[in-house]
Amino acid sequence: MFRALYTAAGGMIAQQYNLDNVANNLANASTAGFRGRRLQFEDLLFQDLVTPGAAATQQTNFSSGLRSGLGTRTATSEVLQTQGDAANTGNPLDLMIQGQGFFQVRQADGQIAYTRSGFFQLDQQRNIVTAAGNPLQPSITIPSNAQTITVGADGTVSITLPGQQQSQQVGIVQLATFPNPGGLQSVGQNLLTPTTASGEPVVGNPGDAGGLGTLQQGTLEQSNIDVVQEFAVVALFLVPSLMGAASSPQPRIRIPKFAEVQGETIRLSDLLPPDAPADLEQMGARIALGDSPDPACQRVLSKDQIELQLREFPSIWERLELPERLIVSSKQRRLSPDEIWTVIESFLAAEGLSATGAAPQRLPSYQATVVVTKQDPGLVVKRMEPDRVRRQIRSLLWTSNEPQVLPSYVTVEEPPRTAGRLWSSHADAGPAANLPLNSEGLPKTEEESFAGLLIGSRSGVPADKARFTPPVASPAIILVTKGKPPKLVVETQTLRMTALVTPLEPGAQGQVIRVRNLDTQRVFKAEVVGKGLLQAELAGE
């Protein structure tokens, strides 16, 4: 077991060196004259568990034996000597060796180094040097008044001076070769130095019989790195690891148990957490899971229901961790008092009335909290009902843009007599508290006399009469007679129902009397609100 680990570790170290070498080759793929390196590997010692030819029995021997290897290591790193591609530059001092050989340059310590990079230039003494300032050997100096520089294939450097048509030679570029160029040692700056393995240099002119190459002026030799081959080596190591990473299970995105949606349709994107990937958000916006719940309501989606909707999207389904039960509600808000007061003012304006000044100090009281989902629910007043006894005005509100929301009543109390004006007309008149009764003894509806609700609210009423009128004392009028079935109105927070009951005693406006339900024979109390009309709360029954 431990032997196997050490063997694998040795192989990993060797391959790490190989990757380092490939990375260096790729990094210098654009370096002029660069010579790539290639690593060679060798196996380590073998342990003989059974020696070949050892006796297996008295009559037989082992034919091959049994040996166990102990891994591998990097053996050598040789310099590749293949020719690099040519790049035409047009610079007269750019030289390329076509074939074998190296340029000779002198380092700062006086030692001779060798390079394939022909990128030369002039220093301040007009000597031909490398980019690092190492002079070419043998040294060649170009006169300052030289008009042209010509380097022949044989290394001859010629110049043309002003007033002369004949060129004159100023030097020869010599090359060097080695018995084993692969044994040269890289020292940086595109320079190589000889070693025992490379042998001693053999110097000569380009094109000599010793196998030296020729020169090509105005051209640079690029690196001899085969980028595709180097990447292929990298792929041998990276592809298995990438495949392993791709095959490893990715963490699933957990869908919360509660979600709020906006709009008429539940979409998968509404259920995703805030940190969900952007691509999943985009795909989820196109996947509908059903209708959104009504305001103030909830909808429960089971895991099976969601999976059924996602059966056509297996790639998305696999990325999600769904709860067993998901509760969805609509994003909602409550109607504000300002919204309610605005529609009441609009309704009054349509009746030729207006409410001047600030809204009443007391906020409207709600029969039930009105919850909407849209910014503009289309709130309107369907009708207004005055209550003479309670000195209230009750408005029936309806959200026209959200018809699924049940109509609801809001009640606004008339201000006290000292509260100043609440209602006024365009002629700046004030309200009155008493409402006229119709022929049946009931408060008149808005169609009969809405102006009667607010005496002095129509245009043309003098401002000095625009104040509250105290109630006029009058004898009680019996509106419900014992034994004569009146109509009973029962209201809850969301419903309004009517029923016939038997009054057990007579009653006037505002009185509470006992009545009997004709169906259940149950006795309870109800308030007289009009002729033959009773009102009761369902909770008090």
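List the pairs from Lys382/Lys531; Lys382/Lys525; Lys487/Lys531; Lys303/Lys374; Lys482/Lys531; Lys484/Lys531 whose alpha-carbon separation is above 19 Å, in the order I gave them.
Lys382/Lys531; Lys382/Lys525; Lys303/Lys374
Just for region 253-331, what percent of DSSP beta bridges are antiparallel, to the closest 5?
Around 55 percent of the beta bridges assigned by DSSP in region 253-331 are antiparallel ones.
If you stretched the chain out fully between Arg252 and Thr148, how much longer would it get, using 0.36 nm times the residue separation minus the C-alpha to C-alpha distance?
Gain on extension, Arg252 to Thr148, equals 30.2 nm.
Highest mean first, what order results for 175-186, 202-213 on Cβ atoms within 10 Å?
Result, highest mean Cβ count within 10 Å first: 175-186, 202-213.
Residues in region 1-30, backbone N under 16 Å from the label point at Phe231 (7 Å along the Cα-to-beta-carbon vector): list them, ranges by number please.
What the label zone holds, given the 16 Å backbone N cut-off, is 22-30.
Once both labels are modelled 7 Å past Cα along the beta-carbon direction, what's the Arg514-Lys484 spacing in nm?
2.2
Using the Kirkwood radius over Cα pairs, work out the Stokes-Einstein diffusion coefficient for region 86-221 at 10 °C and 1.306 mPa s, in µm²/s as a whole number.
D = 104 µm²/s.
Tell me the label-point distance for the pair Thr265, Ala108, using the 7 Å Cα-to-Cβ offset, in nm and rounded to one decimal.
Between Thr265 and Ala108, the simple spin-label model gives 7.3 nm.
If R₀ is 41 angstrom, what is the calculated FRET efficiency for the pair Ala55 and Ala197, using the beta carbon separation as r and rounding to 0.05?
0.35
Rg/Rh for region 6-65 to two decimals, with Rh computed the Kirkwood way over all alpha-carbon pairs.
1.38
Sort the following peptides by mean Cβ neighbour count (other Cβ atoms within 10 Å, averaged over residues), highest first: 299-305, 115-121, 394-400, 507-513.
Top to bottom by mean Cβ count within 10 Å: 115-121, 394-400, 507-513, 299-305.
Under a crude label model (7 Å from the Cα following the beta-carbon direction), how far is Tyr6 from Leu44 in nanometres?
0.7
Return the FRET efficiency for the residue pair Glu339, Glu318: r is the Cβ-Cβ distance, R0 is 41 Å, and the value is rounded to the nearest 0.05.
0.35
Take the Cβ-Cβ distance between Gln185 and Ala23 as r, set R0 to 25 Å, and report the resulting FRET efficiency rounded to the nearest 0.05.
For Gln185 and Ala23, the calculated efficiency is 0.80.
FYI, it's all coordinate maths here, none of it is from the lab. A quick note: this is a predicted structure, and the numbers were derived from the prediction, not measured. Every residue, glycine as well, gets a Cβ built from its backbone with ideal geometry; the counts of neighbours run over all protein chains shown.
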